[in-house]
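Following: one structure in structure tokens, then a few remarks.
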Amino acid sequence: MEFTVKSGDPEKQRTACIVMGVFEPRRLSPVAEKLDDITGGYLSKLIRRGDLEGKIGQTLLLHDVPNTLCDRILLIGCGRERDLGDTQYRKIVSTAINTLNEIGAMEAVCYLTELHIKQHDVPWKVRQTVEAAQNALYRFDQLKSKKDTERRPLRKLVLSVPSRRDLTEGERALEVGLAIATGVTLTKDLGNLPANICTPTYLAEQAKDMGKRYKNIKVDVLETADMEKLKMGSLLSVSRGSDQPPKLITLEYSGGKKHDKPVVLVGKGVTFDSGGISIKPADKMDEMKYDMCGAASVLGTLSAVAEMKLPINVVGIIPATENLLNGQATKPGDIVTSMSGQTIEILNTDAEGRLILCDALTYAERYEPDTVIDIATLTGACVIALGKHASGLLSNHSPLTHDLLNAGKSSGDRAWELPLWDEYQDQLKSNFADMSNVGGREGGTITAACFLARFTKKFHWAHLDIAGTAWLSGDKKGATGRPVPLLTQYLMDRCAEKQV
Ligand code: BES
Ligand code: MN
Ligand code: ZN
């Protein structure tokens, strides 16, 4: 879809539809009020009759309103004015977009960007509108033979800004919103693809394509033999149970100066997690195709960063494998040696994410990183603790925690901190190796992070557990593209900080 920004009065817009807000109870937003005067009180009359209360989710479509040049006016319920915050704003935009798409208005001018939202400026609203609109329009129908596309879909959305002075910033915000939305879409597509298509080899091909698309991204793919040479015994213990060859994918984006230390993003790329010999129950096992969403978010974030040409160096590392079971598969009780030299007793083959991440984290050392962030659908316990609203965040460096929490807040892709205290380390004790790969049921998200912490002593590191946020179940089943907005925001904030 095409987006533009523009400043101008609603009555002068020659367009298929203009969109504006109505607050609860039956109160016109400032823009709608101005238009109401021009239409001789047409809008307020309808509202007074009780046609639109103004609750979030409500809409009212008007045709041929007097003294206007547009075909239609779409009024959108915005809830109570004092409650209008980030989440409400995104809901309002989704409702507007879905309605526009249904009524056959192929273009529209949207004045929702002029609503007043606490603590947010015009560029924020422009950007969020683009992201929310692209989210609302997203469909994954590439594998359906008959696609149910709208007859007259929305093609062009003009976002109104209050004055001409806002245009330059508004345009930059459009670009940012589009870059993030494109990254989110890539992440969703990869997540939604089934595991018979999206294999480790497929992920490696996608990364190579990105390397061709952006000239400052260099892609390298390590094969089994390379990993053997590097002594990645832990990662290889997971891939041994599958016929699909594992891949260790690296992407180096150079937007910063040559000697700027990079931020390294490590994404869990288990393209299907059956649990291995410690096999999972059948119910919902299909959802384990999403176990590569960490990897997909690394690709999505790098694509956003490359689109925006951020002045920063970022490295993506993706350990990609299946977790399956065959005659070679790792058995509970097996002991393996990780690339770091530390030995691991694998008591549960379903705790495979940490086994592939630990070697990828050791591999990250060669980039002499300033900061390393890993992203993984790591524990069911995180879904229990935080549900689908916040990603779990654990880190060995509190300024990094602070920056990530803030990036999550401002991008609307929130994380919540859990403690990474030493006391929890005891749960990983093994009688036969340096550590076990599981820490029991108590604090499962924390002990998983404690395991990773043993491989991240040489740098500032944060772990994002996205098991609850990377996809939705039920009738809205599908990948969410999170935490691409959070990660991209974090990298943008770093660039902004460097500039001042
Ligand atoms: N990929 C799963 C985590 C997961 C489970 C994500 C359910 C989303 C929904 C991970 O590999 C896993 O199986 N973790 C185990 C760890 C346990 C064996 C210590 C878990 O959470 O049950
Ligand atoms: Mn597992
Ligand atoms: Zn897993």
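The values are calculated or read from the model by the stated rules, or taken from the named source; none is laboratory data. What you see is a predicted model, and the numbers here were worked out from it, not measured in a lab. Counting neighbours? That spans all protein chains shown, and the Cβs are built from the backbone with ideal geometry, glycine included. The area values use the complete protein model at the heavy-atom level, side chains included, leaving out ligands, DNA and RNA. Shrake-Rupley method; radii C 1.70, N 1.55, O 1.52, S 1.80 Å.
Out of the stretch 184-210, which residues are crowded, with 18+ Cβ neighbours inside 10 Å and more than 17 Å from TRP471 (Cβ to Cβ)?
Pass one, the stretch 184-210, residues crowded, with 18+ Cβ neighbours inside 10 Å: 184-193, 195, 198-200, 202-204, 206-207, 210.
THR199, PRO200, TYR202, ALA204, GLN206, ALA207, MET210 - these are the residues of the stretch 184-210 that are crowded, with 18+ Cβ neighbours inside 10 Å and more than 17 Å from TRP471 (Cβ to Cβ).
Applying the selection to the stretch 431-478, what residues are touching a Cys at 6+ places or on another chain (Cβ under 6 Å) and in a strand (DSSP E or B)?
Answer for the stretch 431-478, where residues must be touching a Cys at 6+ places or on another chain (Cβ under 6 Å) and in a strand (DSSP E or B): just ASP465.
With respect to the numbered conditions (1) out of contact with any Pro (no Cβ under 6 Å at 6 or more places or on another chain); (2) open to solvent by less than 30 Å² (accessible area, probe 1.4 Å), which one is the sole condition not fulfilled by HIS397?
HIS397 satisfies all of (1) out of contact with any Pro (no Cβ under 6 Å at 6 or more places or on another chain); (2) open to solvent by less than 30 Å² (accessible area, probe 1.4 Å) except (2).
Could you look through the stretch 402-413, keep only residues that are closer than 24 Å to ASP370 by Cβ and either in a strand (DSSP E or B) or open to solvent by 10 Å² or more (accessible area, probe 1.4 Å) (or both), and pick out the one that is nearest to ligand 1 (Cβ to nearest atom)?
At the first step, the residues of the stretch 402-413 found to be closer than 24 Å to ASP370 by Cβ are 402-411, 413.
Imposing the further condition that a residue be either in a strand (DSSP E or B) or open to solvent by 10 Å² or more (accessible area, probe 1.4 Å) (or both) reduces the set to 402-403, 405-406, 409-410.
Working: HIS402: 27, ASP403: 26, LEU405: 22, ASN406: 26, LYS409: 24, SER410: 26 Å.
By that ranking, first place goes to LEU405.
GLY54: free of Cβ contacts under 8 Å to residues at least 60 places away in the same chain, open to solvent by less than 20 Å² (accessible area, probe 1.4 Å) and part of a loop (DSSP other than H, G, I, E, B), yes or no?
Taking the combined requirement at face value, the residue satisfies it.
Scanning the stretch 333-350 for residues that are more than 16 Å from ligand 3 (Cβ to nearest atom) and part of a loop (DSSP other than H, G, I, E, B), which turns out farthest from the chain's Cα centre (by Cα)?
Here the answer is GLY333.
Hey, can you tell me all the residues within the stretch 377-394 that are open to solvent by 10 Å² or more (accessible area, probe 1.4 Å), closer than 25 Å to ASP493 by Cβ and not in a loop (DSSP other than H, G, I, E, B)?
Of everything in the stretch 377-394, just one residue is open to solvent by 10 Å² or more (accessible area, probe 1.4 Å), closer than 25 Å to ASP493 by Cβ and not in a loop (DSSP other than H, G, I, E, B), namely LEU386.
Take the residues of the stretch 285-299 that are open to solvent by 10 Å² or more (accessible area, probe 1.4 Å) and either of a type in the set (Gly, Ala, Ser) or within 13 Å of ligand 2 (Cβ to nearest atom) (or both): which is farthest from ILE466 (Cα to Cα)? Walk me through how you get there before you give the answer.
If we filter the stretch 285-299 for residues that are open to solvent by 10 Å² or more (accessible area, probe 1.4 Å), which is where we start, we get 285-289.
Adding the requirement that they be either of a type in the set (Gly, Ala, Ser) or within 13 Å of ligand 2 (Cβ to nearest atom) (or both) leaves 285, 287-289.
Values: MET285: 17, GLU287: 14, MET288: 13, LYS289: 14 Å.
Residue satisfying both the conditions and the ranking: MET285.
Given SER242, SER278, SER274, SER254, which one is under 23 Å from LYS229 (Cα atoms) and either open to solvent by 10 Å² or more (accessible area, probe 1.4 Å) or without any contact (Cβ under 8 Å) to a residue 60 or more places away in the chain (or both)?
SER242
Determine if the stretch 356-376 includes at least one residue that is within 11 Å of ligand 1 (Cβ to nearest atom), surrounded by fewer than 17 Cβ atoms within 10 Å (Cβ to Cβ) and either of a type in the set (Val, Ile, Thr) or at pLDDT below 95 (or both). Let's see the steps before the verdict.
Residues of the stretch 356-376 within 11 Å of ligand 1 (Cβ to nearest atom): 356-357, 376.
With surrounded by fewer than 17 Cβ atoms within 10 Å (Cβ to Cβ) added as a condition, the list becomes none.
No, that holds for no residue.
Looking at the stretch 365-382, I want the residues that are over 18 Å from GLY316 (Cβ atoms) and have a partner that is within 16 Å of ligand 1 (Cβ to nearest atom) and open to solvent by 40 Å² or more (accessible area, probe 1.4 Å) with Cβ atoms under 8 Å, at least 6 apart or on another chain. Which pairs are those?
Cβ pairs passing all conditions: ALA381/ARG441.
Can you pull out every residue in the stretch 405-427 that is in contact with an Asp or Glu (Cβ under 9 Å, 6 or more places away or on another chain) and either more than 30 Å from THR129 (Cβ to Cβ) or of a type outside the set (Gly, Ala, Ser) (or both)?
LEU405, ASN406, LYS409, LEU418, TYR424, GLN427
Could you say whether any residue in the stretch 464-482 is modelled with pLDDT of 95 or more, within 16 Å of VAL372 (Cα to Cα) and open to solvent by 30 Å² or more (accessible area, probe 1.4 Å)?
The answer is no; no qualifying residue exists.
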